[in-house]
Amino acid sequence: MTTVLLFGTFDGLHEGHKMMLKAAGKYGDHVVAALAPDEVVLRLKNRPPNLSFNEREAALRASGLVDEVLGSDRKEGTYAVLEKVKPDIVVFGYDQTALALDFLRFLEETGKKMPTKILEAFAPERYKSSLFRNP
């Protein structure tokens, strides 16, 4: 079994997210979404998520596009989730450049080896989370 890990907020599961999840599935047969806890969303985006962690988790599970959903780390940059999941590859959305760079920093600092992939965008002018956010 090849396990794929991806990180996200998934605050309102839209077509861009669905395409990202489908694309992640092309890299393995077990897709795990590490879902950002509400307090992490608040720190990273300077606003609370529109939907609670439980609502976002339920939407991911109901999508049928992931095999597992778990909370990501509460402290950014630690990547403790890797020990839980033990992925074969980690994929990032096209707009997760800062996260991907931090992940590569983590790998270098810890001497860990992990294949990574940045996925291509799917109609970002129509399907970007910020376009759906409440003011």
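The values are calculated or read from the model by the stated rules, or taken from the named source; none is laboratory data. Fair warning: this is a prediction, and the values are worked out from it, not measured in the lab. Using ideal geometry, Cβ is built from the backbone for each residue, glycine included, and neighbour counts are taken over all protein chains shown.
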Touching a Phe, Trp or Tyr at 6+ places or on another chain (Cβ under 8 Å) and acidic (Asp, Glu), is that true of residue 67? no
Segments classed as helices (runs of 4 or more DSSP H), wholly inside the stretch 5-107, with at least 1 members that are at pLDDT 95 or above and farther than 19 Å from residue 119 by Cα: 38-45, 53-63, 81-85
For the stretch 55-75, the count of residues that are surrounded by fewer than 16 Cβ atoms within 10 Å (Cβ to Cβ) and more than 13 Å from the chain's Cα centre (by Cα) equals 7
Within the stretch 49-69, residues being of a type outside the set (Lys, Arg), out of contact with any Pro (no Cβ under 8 Å at 6 or more places or on another chain) and free of Cβ contacts under 8 Å to residues at least 24 places away in the same chain number 7
Check the stretch 122-129 and report whether any residue there is within 23 Å of residue 12 (Cα to Cα), of a type in the set (D, E, K, R) and exposed (fewer than 13 other Cβ atoms within 10 Å of the Cβ). yes
Just give me the residues in the stretch 37-54 being farther than 21 Å from residue 121 by Cα and surrounded by 15 or more Cβ atoms within 10 Å (Cβ to Cβ), in sequence order. 37, 38, 40, 41, 49, 50, 51, 53
Considering only residues of the stretch 1-36 that are at negative phi and touching a Phe, Trp or Tyr at 6+ places or on another chain (Cβ under 6 Å), which is surrounded by the most Cβ atoms within 10 Å (Cβ to Cβ)? 4
